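Q: Have a look at this one before I ask anything.
Values quoted throughout were computed directly from the atomic coordinates according to the rules given, and no laboratory measurement underlies them. Remember, it's a predicted structure, so these values are computed and weren't measured experimentally. Cβ atoms come from the backbone with ideal geometry, glycine included; neighbour counts cover every protein chain shown.
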Ligand code: HXC
């Protein structure tokens with residue numbers, strides 16, 4: 001047994017392991033060692049072998065067949081893991097490797113624990129043909145079955161191609177390693193043959209491409225170790241499954257901590273920006289904010305924090321970037337985040353300072369209507385506790401979409417600096433008083449501002465529950481979350497909604 005075990009643990013052999021290390025990458029087992037609590041990993045299927053006889057493959061059998069699978073704990077909480085071994089046929093997916101991955105996914109769903117996949121794979125095992133494709137199909141089906149039931153996290157730790165990217169794409173979050181991990185449906189060679197384009201792996205599907213342009217990935221880390229430690233921090237925010245609540249982490253941060261800096265953070269000029277990240281960090285426990293997709297659609301912030309030790313999902317317009325406007329990318333980013341929080345019992349706190357949806361042909365012709373609707377749909381569908389704080393602008397459709405009272409938000413607060421209106425004063429006046437002199441327009445604009453550039457019109461209609469001192473925001477949120485802990489909403493019977501995908 002010991003001899004067999006030692007041989008299996010060697011993977012593709014020393015030469016390939018050395019080559020792997022030389023690229024700055026850890027092996028499949030070294031990665032699990034960092035990801036999981038010391039000594040907690042229990043492996044299964046170490047002796048599984050492939051069943052391929054084409055291309056003389058029966059002479060080339062490596063126990064474990066390119067994936068290390070099993071379970072372990074992260075800060076004491078159970079997780080199921082698979083870690084693909086690039087030293088074995090480039091981590092490519094055989095029928096038997098797929099069976100191993102499916103086995104731990106099934107187990108995770110049965111007991112209610114997250115699945116973390118460390119992906120390092122050249123895609124379908126070419127020698128196995130359709131058997132390998134069938135294996136991917138089985139994994140995809142389980143990704144979908146598990147969606148909304150257990151958290152699924154993918155870490156991309158090498159060159160991942162073909163099926164090796166579609167399964168991660170169906171999971172909840174994707175983390176990548178800079179200059180070392182790539183995701184593409186087809187690699188640079190195929191691209192060159194088919195389209196004639198010359199492109200490097202990095203340009204085609206590196207961490208920068210996927211965390212800035214495509215938003216396929218949520219975060220990029222400097223190296224394997226940083227990525228794995230990042231996952232450890234991250235899962236601490238999440239519940240084990242949709243049947244559980246997120247874990248509670250003791251916090252020394254007073255729940256009613258006042259921060260008088262917030263009273264002056266909003267500049268007096270409506271066109272002057274300020275950093276909403278500072279507001280978020282002031283509100284959450286110990287200023288810890290785990291941001292998702294910080295480099296994509298930076299005009300909206302999404303991420304996790306804690307209040308009184310309990311996880312909250314934060315969505316916040318960021319006036320520092322494009323005045324916090326909602327565009328296609330921001331809408332998609334926030335909609336998916338809201339949907340995740342709702343699926344996993346994580347209350348949503350939204351900070352609003354939004355001048356509206358971004359106008360222009362680029363946005364319209366790429367479908368801002370449908371993409372903006374995603375955000376409205378996700379917020380309206382979410383039945384978890386929802387608390388909204390309007391810090392400054394909440395104009396037009398963006399006012400409604402950003403977790404307004406009308407989308408069944410539970411508590412809607414506004415700072416005294418809030419301006420809730422159909423649009424900005426000048427734009428509104430130029431439409432309703434078209435033809436007025438310049439002086440007349442200026443006069444009407446002042447009147448409009450006096451009348452509407454405040455939160456009290458909305459508050460007089462009950463759309464804002466209370467206008468609050470900015471310094472008391474954390475206290476209000478903490479109290480609100482306590483009250484909403486047992487919130488229950490009866491949903492209409494249906495199979496599922498039809499979010500505008
Ligand atoms: C079998 C594979 C393999 C594969 C790599 N290897 N990919 N074996 N099936 N798909 C093997 C190589 O033969 C080699 O074996 C070892 O893994 C390392 O590969 P290298 O090419 O030397 O490594 P590197 O230069 O780092 O390039 C990595 C790579 C490249 C970019 C992943 O190997 C590559 O392009 N592979 C093919 C990718 C691909 O087209 N996959 C099929 C996609 S179709 P030795 O013995 O030399 O160590 C697909 C269908 C599913 O996945 C679609 C579902 C929607």
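Q: For the chain, what is the largest minus smallest coordinate of the Cα atoms on each principal axis, given in angstrom and ordered from greatest to least?
A: That gives 87, 54, 45 Å along the principal axes, largest extent first.
Q: Moving on. From the Cα gyration tensor of the stretch 412-501, with a ≥ b ≥ c the square roots of its eigenvalues, which class applies: rounded if a/c is under 1.5, or else prolate if a/b is larger than b/c, or else oblate? The partial results should precede the final answer.
A: Details: a/c = 3.87, a/b = 1.68, b/c = 2.31.
Verdict is oblate for the stretch 412-501.
Q: In percent, how large is the relative contact order of the chain, given Cα pairs closer than 8 Å and 6 or more residues apart? The partial results should precede the final answer.
A: Working: 1043 pairs, mean separation 45.9, N = 501.
9 percent.
Q: Let me ask something additional. Using the Cα gyration tensor of the stretch 363-437, with a ≥ b ≥ c the square roots of its eigenvalues, what is the shape: rounded (a/c below 1.5), prolate (a/b larger than b/c) or oblate (neither)?
A: oblate
Q: Take the stretch 196-308, drop everything but the C-alpha atoms, weight them equally and run the Debye formula without solvent; then report log10 I(q)/I(0) at 0.10, 0.12, 0.18 Å⁻¹ to two decimals.
A: Per q value, in the given order, log10 I(q)/I(0) is -0.45, -0.63, -1.10.
Q: In degrees between 0 and 90, to the nearest 10, how far off the longest principal axis of the chain does helix 224-235 point, with axes built from Cα atoms?
A: 60 degrees
Q: Fewest Cβ neighbours within 10 Å first, please rank 361, 87, 264, 17 accordingly. Intermediate results must be reported in sequence, preceding the final value.
A: Working: 361 7, 87 22, 264 12, 17 18.
Neighbour counts put them in this order, fewest first: 361, 264, 17, 87.
Q: Hey, fewest Cβ within 10 Å first, where do 109, 183 land in order?
A: Listing 109, 183 from fewest to most nearby Cβ atoms yields 109, 183.
Q: Fully extended, how many nm does the chain gain between residue 369 and residue 457 (0.36 nm per residue separation, minus their Cα-Cα distance)?
A: In short, 28.9 nm is gained.
Q: So how tilted is helix 368-381 from the main axis of the chain? Cα-based, degrees 0 to 90, rounded to 10.
A: Helix 368-381 and the main axis of the chain meet at about 90 degrees.
Q: Can you tell me which of 3-12, 483-492, 451-460, 67-76 comes out highest on packing, and rank the rest after it, using the mean Cβ neighbours within 10 Å? Each step should come with its number before you reach the end.
A: On the way: 3-12: 14.4, 483-492: 9.1, 451-460: 17.2, 67-76: 19.8.
Listed from highest to lowest mean packing, they are 67-76, 451-460, 3-12, 483-492.
Q: If each DSSP helix of 4+ residues adds -39,500 (n - 2.57) and the sum is divided by the residues in the chain, what number results at 222 nm, nearest 500 deg cm²/dmol?
A: So the helix-based figure for the chain works out to -10500 deg cm²/dmol.
Q: Moving to a separate point now. Under the classification rounded if a/c is under 1.5, otherwise prolate if a/b is larger than b/c and oblate if not, where does the stretch 84-182 fall, given a ≥ b ≥ c as square roots of the Cα gyration tensor eigenvalues? Let's see the in-between values first.
A: Details: a/c = 1.93, a/b = 1.19, b/c = 1.62.
In terms of gyration-tensor shape, oblate.
Q: Note down the relative contact order for the stretch 257-367 as a percent, whole number, built from C-alpha pairs under 8 angstrom at least six residues apart.
A: 22 percent
Q: Fewest Cβ neighbours within 10 Å first, please rank 102, 302 accordingly.
A: So the residues, fewest neighbours to most, are 102, 302.
Q: Would you work out the relative contact order for the stretch 192-345, in percent, from Cα pairs under 8 angstrom that are 6 or more residues apart?
A: With pairs under 8 Å counted, the relative contact order is 22 percent.
Q: Relative to the first principal axis of the alpha-carbon coordinates of the chain, what is the inclination of helix 95-111, with its axis defined by its Cα atoms, in degrees from 0 to 90 and to the nearest 10?
A: Approximately 50 degrees, to the nearest 10.
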